[in-house]
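*Asks:* One structure, pasted below without further comment.
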Amino acid sequence: MTMQKRFVLKAGIAAAALAITGAVCAQQKTVTFANQDMLVPLRLVMESGEIEKETGYKINWRMFSGGGDVIRAMASGDVQMGELGSSPLTAAASQGQDIKLFWVSADIASAEALVARDGSGVTSFKSMEGKRIGVPFVSTAHYQLIAALGKEGVDARKVNIMNMRPPEIAAAWERGDIDGTFVWDPVLAKVKQKGKVLATSGSIAQMGFPTFEGIVVTSKFAQENPEFMVAFVKALNRASSQVRDNLAKWTPESNEVKAIAKWCKADPKDVPAAMSLYKFPSAEDQLTAQWLGGGAAKAMSNTATFLKSQGRIQEVKPDYSAFVTDAYVKKALGK
C-alpha cells in the first residue's frame, strides 16, 4: 500500500471515528432539574451522580430560591423536572401546567415554623396584627400562615405579610426589619437563635391544613423517558431509606451531612436536627391513600381554595388527581 493510500485510509478511519463520537454525543439526553434548598434525601442522589452513571443522561441541576420561580421555569420549557412545595405545585396545576407529581419527597411535619423575633411583641397569632411577617408568597408556609390566622380568628389583612425569599428573610431578620417569619431550614435554624417558635407546619396540619414537598415532571418528558423516570424513583427510594435508617447516627462530620449541606448552602451542624423534623415516605408509603393514592390530590384541592381566596389563581380544578401519578413508583417496585 502506498503512503498516499495509507494516509487516505487513516483519514477515513479518523473521520468515521469522529462521526461515531458525534452521534453518541448527539444521542446523550439532557434533563434540567430545578432544585431548591430544602434538606431532603434528593441531595444525596445529586451528590452521588448515580442516576447519570446508570442512565447516561446529563442532568443540569439548577438552584432556585422558591417554588414560584420553579413553576415559571417549568412553564417556559427550560426545565423538565423540579421540586416544589404543595402550594406552588397546586398553583401550577390550577393554571393548567401539564405536570405530574410522582414522588413526595417529604412530609413537612415540623420542618417549617412560624417564629417570632425576640423583643417583637409577637406572642400569639392575635398579637400579629400590625406586625411585619416575612414569608415566601405562594409557598407552603404562606398557605399555612394564612390558614392558621383564619382558624384563629385573625384577619390576615391586618397583618403586614411581606413577600420575601428565604435569603431575604435571613437578611431582614438580622437587621430587625421583620417581627416574625414562617420559613424552613437552613434559614429556620438561624432565626430560631433569636426567636421563639409559635407554631409548626405539623401543628397547623393538625388544624386541617397539611403540606408536603414533592418532585414533579412535565408530562411530555415523563412519557418520552419512562426508563429514566423509574431509575430516578429507585434512586430517591434508596436515598430516603438511607436517611431514615442512619440520620440519628450522623454527625456534622458525616460525609452524607456534608453533601446535603453543600447542595443546600447550609451549615453542617444544623443539618441532622433540621432533617429530623421531616418525615420521608418510602416507595411503599408513596402508594398509600395518604400520598399518591389520593391524599396529595386532596391536599392540593384544599390548597387551591386558599390560593383562589388570595387571588393567586383564577379557578379551582374539580379534581387534582390528573396532576398526580403513581405509575413510576409502581414500576420501580415491580408492580
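The values are calculated or read from the model by the stated rules, or taken from the named source; none is laboratory data. In this text the structure is predicted, and so the values were computed from the model without any measurement. Note that we place each Cβ from the backbone using ideal geometry, even for glycine, and neighbour counts take in every protein chain shown. SASA here: full protein model, heavy atoms, side chains in, ligands and nucleic acids out. Shrake-Rupley method; radii C 1.70, N 1.55, O 1.52, S 1.80 Å.
*Asks:* In the list K269, K265, K220, K249, which residue meets the criterion of being surrounded by fewer than 19 Cβ atoms within 10 Å (Cβ to Cβ), on the phi > 0 side of the Ramachandran plot, out of contact with any strand residue (DSSP E or B) (no Cβ under 6 Å at 6 or more places or on another chain) and not aliphatic (A, V, I, L, M)? Give the derivation first.
*Replies:* Working: K269 fails: on the phi > 0 side of the Ramachandran plot; K220 fails: on the phi > 0 side of the Ramachandran plot; K249 fails: on the phi > 0 side of the Ramachandran plot.
Just a single option satisfies the conditions, and that option is K265.
*Asks:* Sticking with this structure for a sec: When residues of the stretch 62-106 are filtered for being among the acidic types (D, E) and crowded, with 22+ Cβ neighbours inside 10 Å, how many remain?
*Replies:* 1
*Asks:* Next up: Which residue pairs have Cβ atoms closer than 6 Å, lie 6 or more positions apart in sequence or on different chains, and pair a first residue in the stretch 224-238 that is farther than 10 Å from T55 by Cβ with a second residue that is open to solvent by 20 Å² or more (accessible area, probe 1.4 Å) and hydrophobic (A, V, I, L, M, F, W, C)?
*Replies:* Sorted first by the residue in the stretch 224-238, then by its partner, the pairs are V233/A332; K234/A332.
*Asks:* Please verify whether I51 is outside any loop (DSSP other than H, G, I, E, B), more than 20 Å from A266 (Cα to Cα), open to solvent by less than 10 Å² (accessible area, probe 1.4 Å) and in contact with a helix residue (DSSP H, G or I) (Cβ under 7 Å, 6 or more places away or on another chain), treating the condition exactly as stated.
*Replies:* yes
*Asks:* Something else: Being assigned to a loop (DSSP other than H, G, I, E, B), modelled with pLDDT of 95 or more and surrounded by 14 or more Cβ atoms within 10 Å (Cβ to Cβ) is true for just one of I161, I178, I169, I215. Which residue is that?
*Replies:* Exactly one residue qualifies, and that residue is I178.
*Asks:* Residues of the stretch 319-335 being surrounded by fewer than 15 Cβ atoms within 10 Å (Cβ to Cβ) and either of a type in the set (V, I, T) or closer than 19 Å to A235 by Cα (or both), which ones?
*Replies:* Those that are surrounded by fewer than 15 Cβ atoms within 10 Å (Cβ to Cβ) and either of a type in the set (V, I, T) or closer than 19 Å to A235 by Cα (or both): G334, K335.
*Asks:* Sticking with this one: For residues that are assigned to a loop (DSSP other than H, G, I, E, B) and at pLDDT below 95, scanning just the stretch 295-317, find the one that is surrounded by the fewest Cβ atoms within 10 Å (Cβ to Cβ).
*Replies:* Selected residue: G311.
*Asks:* Of the residues V183, V197, V138, only one is modelled with pLDDT of 95 or more and either in contact with a Gly (Cβ under 9 Å, 6 or more places away or on another chain) or among the acidic types (D, E) (or both); which?
*Replies:* Step by step, each of V183, V197, V138 is checked, and only V183 is modelled with pLDDT of 95 or more and either in contact with a Gly (Cβ under 9 Å, 6 or more places away or on another chain) or among the acidic types (D, E) (or both).
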